[in-house]
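Trainee: Pasting in a structure now, in structure tokens, and then I'll have a few things to ask.
The values are calculated or read from the model by the stated rules, or taken from the named source; none is laboratory data. The shown structure was predicted, so the numbers you read here are calculated from the model rather than taken from an experiment. Quick reminder, even Gly has a Cβ in these numbers, built from the backbone with ideal geometry, and neighbours come from all protein chains shown. Heavy atoms of the whole protein, side chains included, go into the accessibility calculation; ligands, DNA and RNA do not. Shrake-Rupley method; radii C 1.70, N 1.55, O 1.52, S 1.80 Å.
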Amino acid sequence: MRIALLTSTGPQDADPDEIPLRDALRAAGAAAEVRAWDDPAFNPREFDLAVLRSTWNYYRSPERFLAWCDNAARATRLLNPPDVVRANAHKGYLRTLERRTLPIVPTAWFERGATPDLDSLLRDRGWTDIVVKPAVSAGSWRTKRFSDAQTTDAAAFLSTITADGDAMIQPFVPSVERGGEKSILWIAGEVTHTIIKHPRFAGHEERVELGPAPTRAEIDMVRAALGDLEDRLLYARLDVMLDTRGRPMVSELELIEPSLFLLEHPPAMERLVTAIAQVGRR
């Protein structure tokens, strides 16, 4: 059984789980390799299963990446599947979650070419501290925080984003500075662990720590977010922040290439290895 753990070419942050996951799969009897999706020499047909892991440059050429996923899925089994990847690549999926009555971080959406009046927006929303970012992004790329005294700078930055894509503005959530953002990890049908992530913006390093055991409310929130996708996914990560009343809000649902923080919780590594091996044998 040959398994490709997919990464990308070029400089990027290392995925600390990548080599340990490869080695754990090999110990379980699989011929696992780390291969870059954008390496012309990589042929998915040579593998029984391809697992998206650290394809962290996809947002720079999203249509190329999505087309590659479609082609790879015709050549082998790809997880998570390409239609899920396509739906999750644009953060507009948050509006879908909101329609399911899941609370999300309040968001103002801007299509490519938009030139909004930020002063009016902040006044109407009552926002004094905002985060501006692309609707297709990863790793805090082109993500910046601005105060209401910096609307001129914020508008200029927003214009650089909407010049070539959609953008979004959210209020900065103060609870992140006090306690961080919580990631709830789901692997092969089970919520396995939580991680506390401290805020990161462009150019900053991420700092994480193992969080408390998932609560029933967090498990229910993940399952509501995944809906009827649970049977089709290998992994998922739901990121939540607390509002001013201490209630959780969804900031992201990561279904493409989320860090899973397997080293922080070894049982999750074991579960993922078992699930990959089972899929690969089908």
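Trainee: Under 8 Å for C-alpha pairs, at least 6 residues apart: give me the relative contact order for the chain, rounded to a whole percent. Each step should come with its number before you reach the end.
Mentor: Details: 513 pairs, mean separation 54.9, N = 282.
So the answer I get is 19 percent.
Trainee: Further, regarding this structure: With springs only between Cα atoms under 10 Å, which of Glu264, Glu230, Glu46 fluctuates most in a Gaussian network model of the chain?
Mentor: So, out of Glu264, Glu230, Glu46, the one fluctuating most is Glu46.
Trainee: Then there's this: Calculate how steeply helix 62-75 sits against the longest principal axis of the alpha-carbon atoms of the chain, using the helix alpha-carbon long axis, and give the answer as 0 to 90 degrees to the nearest 10.
Mentor: 20 degrees
Trainee: Express in nm, to one decimal, how much length is gained between Ala224 and Ala31 on full extension, taking 0.36 nm for each residue of separation and deducting their alpha carbon distance.
Mentor: Values: separation 193, 0.36 × 193 = 69.48 nm, distance 3.52 nm.
Difference between extended and current length: 66.0 nm.
Trainee: With the other protein chains left in place, how much accessible area per residue, in square angstrom, belongs to the chain at a 1.4 angstrom probe?
Mentor: Numbers: 13130 Å² over 282 residues.
For the chain, the solvent-accessible area averages 47 Å² per residue.
Trainee: List, in order, the whole-Hz ³J(HN,Hα) value for each residue of segment 92-100 obtained from phi through the Karplus relation with A = 6.51, B = -1.76, C = 1.60 and θ = phi - 60°; use x for Gly and Pro.
Mentor: 3J(HN,Hα) across segment 92-100, in whole Hz: x, 4, 4, 5, 5, 4, 5, 5, 7.
Trainee: Stokes-Einstein at 37 °C, 0.692 mPa s, Kirkwood radius from Cα pairs: D for the chain in µm² s⁻¹? Each step should come with its number before you reach the end.
Mentor: Numbers: Rh = 19.7 Å.
The diffusion coefficient I find is 167 µm²/s.
Trainee: Using only alpha carbon positions, build the gyration tensor of segment 1-147, then give the equivalent ellipsoid semi-axes as the square roots of 5 times its eigenvalues, largest first, whole angstrom. Please report the intermediate quantities before stating the final value.
Mentor: On the way: eigenvalues 266, 50, 44 Å².
Result for segment 1-147: semi-axes of 36, 16, 15 Å.
Trainee: Let me ask something else about it. Over segment 54-196, what is the mean sequence separation of C-alpha contacts under 8 Å (at least six apart), divided by residue count, expressed as relative contact order in percent? List each step's numbers first, then the result.
Mentor: Values: 167 pairs, mean separation 32.3, N = 143.
Reported as a whole number, the value is 23 percent.
Trainee: So, one more: Springs between alpha-carbon atoms under 10 Å, Gaussian network over the chain: tell me which of Ser175, Ser54, Ser259 tops the mean-square fluctuations.
Mentor: The residue with the greatest mean-square fluctuation here is Ser175.
Trainee: While we're looking at this one, here's another question. Given the Cα-Cα distance of Ala163 and Glu270 and 0.36 nm per residue of separation, how much length would full extension add, in nm?
Mentor: Working: separation 107, 0.36 × 107 = 38.52 nm, distance 4.44 nm.
Here the segment from Ala163 to Glu270 would lengthen by 34.1 nm.
Trainee: Using a Gaussian network model on the chain with a 10 Å cutoff between Cα atoms, which of Pro82, Pro174, Pro248 fluctuates the most?
Mentor: Pro174
Trainee: May I pose another question? Please report the net charge: other residues with Cβ closer than 13 Å to the Cβ of Gln150, K and R +1, D and E -1.
Mentor: Details: positive: Lys144, Arg145; negative: Asp119, Asp129, Asp148, Asp153.
Its environment carries a net charge of -2.
Trainee: I need the phi-derived Karplus couplings for segment 54-61: 6.51 cos²θ - 1.76 cosθ + 1.60, θ = phi - 60°, integer Hz, Gly and Pro marked x.
Mentor: With coefficients 6.51, -1.76 and 1.60, one gets 10, 7, 7, 9, 4, 5, 7, 9 Hz.
Trainee: How big, on average over all directions, is the shadow cast by the Cα convex hull of segment 161-282, in nm²?
Mentor: Numbers: hull surface 37.7 nm².
Approximately 9.4 nm², given one-decimal rounding.
Trainee: Shifting gears a bit: Take Arg64, Arg99, Arg142 and sort them by solvent-accessible surface of the protein heavy atoms, 1.4 Å probe, largest at the top. Write down the numbers at each step before the final one.
Mentor: On the way: Arg64 140, Arg99 175, Arg142 55 Å².
So, going from the largest accessible area down, we get Arg99, Arg64, Arg142.
Trainee: Quick check: at a probe of 1.4 Å, how many percent of the accessible area of segment 229-282 sits on carbon and sulfur atoms?
Mentor: Working: 1190 of 2410 Å².
The value for segment 229-282 is 49 percent carbon and sulfur by accessible area.
Trainee: For a Förster distance of 30 Å, can you work out the FRET efficiency between the beta-carbons of Glu190 and Ala41, rounded to the nearest 0.05?
Mentor: On the way: r = 36 Å, r/R0 = 1.21.
Once the sixth-power term is evaluated, E becomes 0.25.
Trainee: Same structure, new question: Which value in deg cm²/dmol, rounded to the nearest 500, describes the helix-derived mean residue ellipticity at 222 nm for the chain, given -39,500 (n - 2.57) per DSSP H run of n ≥ 4 and division by the residue count? Don't skip to the answer; put the middle values down first.
Mentor: Values: 9 runs with 91 residues, N = 282.
Taking each H run of at least 4 residues, the total per residue is -9500 deg cm²/dmol.
Trainee: Got a sec? Which residues in segment 50-67 would a label at Thr96 touch, if it sits 7 Å along Cα→Cβ and we count backbone N under 16 Å?
Mentor: Within reach of a label on Thr96: 66.
Trainee: FRET efficiency for Ala217 and Ala67, Cβ-Cβ distance as r, R0 = 45 Å, nearest 0.05?
Mentor: Efficiency, from the Cβ-Cβ distance: 0.70.
Trainee: Further, regarding this structure: State to the nearest 20 debye the size of the charge dipole of the chain about its Cα centre, where the only charges are +1 on K and R beta carbons and -1 on D and E beta carbons. Can you show the working numbers first?
Mentor: Working: 36 positive and 41 negative charges, 97 e Å.
Taking the Cα centre of the chain as origin, the dipole is about 460 debye.
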